[in-house]
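Notes to accompany the following structure.
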Amino acid sequence: MTGNPHVRAQQLFAQSLVDGLASADQEWLAAHLRECDSCSRESASTRELLSALRAVLELGFVLWWAIPALIAVAVVIHQRTLNGIGARSSSSEARH
């Protein structure tokens, strides 16, 4: 892992969505998300995006024609959220 706690949090969060985490990593990530507003917002935004995509997929064929547009909109919103967080976390890292 990296020495940057924010990058580590991003990596562990992504891993938690796919493979799960060892208990020590789960504890570290939970503590970091409690302490770091930007990482907490980023993980919440990602969870919301995934939840919205799952909901769209559960609609199945009813909205099959709208799925590409909904995914594109969700990705743009998510990227804008992350860009805002990235700018804030970079400036706060510079202060530390």
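What follows draws every value from the coordinates through simple rules; no lab data is involved. Values in this document were obtained by computation on a predicted structure and should not be read as measured data. All Cβ positions, glycine included, derive from the backbone under ideal geometry; neighbour counts span all protein chains shown.
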Quiz prompt | Hz values of 3J(HN,Hα) by residue in segment 36-49 - Karplus curve (6.51, -1.76, 1.60), Gly and Pro given as x | solution = 10, 4, 5, 5, 5, 5, 5, 5, 5, 4, 5, 4, 5, 4
Exercise. May I ask you to list the residues of segment 1-25 whose amide nitrogen lies under 11 Å from a point 7 Å from Cα along the Cα→beta-carbon direction of A31?
Key: 24-25
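In segment 1-77, which chymotrypsin sites (Phe, Trp or Tyr not before Pro) are in a loop and have at most 12 other Cβ atoms within 10 Å, using DSSP for the loop call? Display every interim value, and only then the final one.
On the way: sites: F13, W28, F61, W64, W65; in loops: W64, W65.
Loop-located and lightly packed - W64, W65.
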Quiz item: In nanometres, what is the gap between the two model label sites at L59 and A22, each 7 Å from Cα along Cα-to-Cβ?
Solution: 4.2 nm
Practice problem: Note down the nm distance, to one decimal, between modelled labels 7 Å out along Cα→Cβ at V76 and at A52. | Solution: 1.1 nm
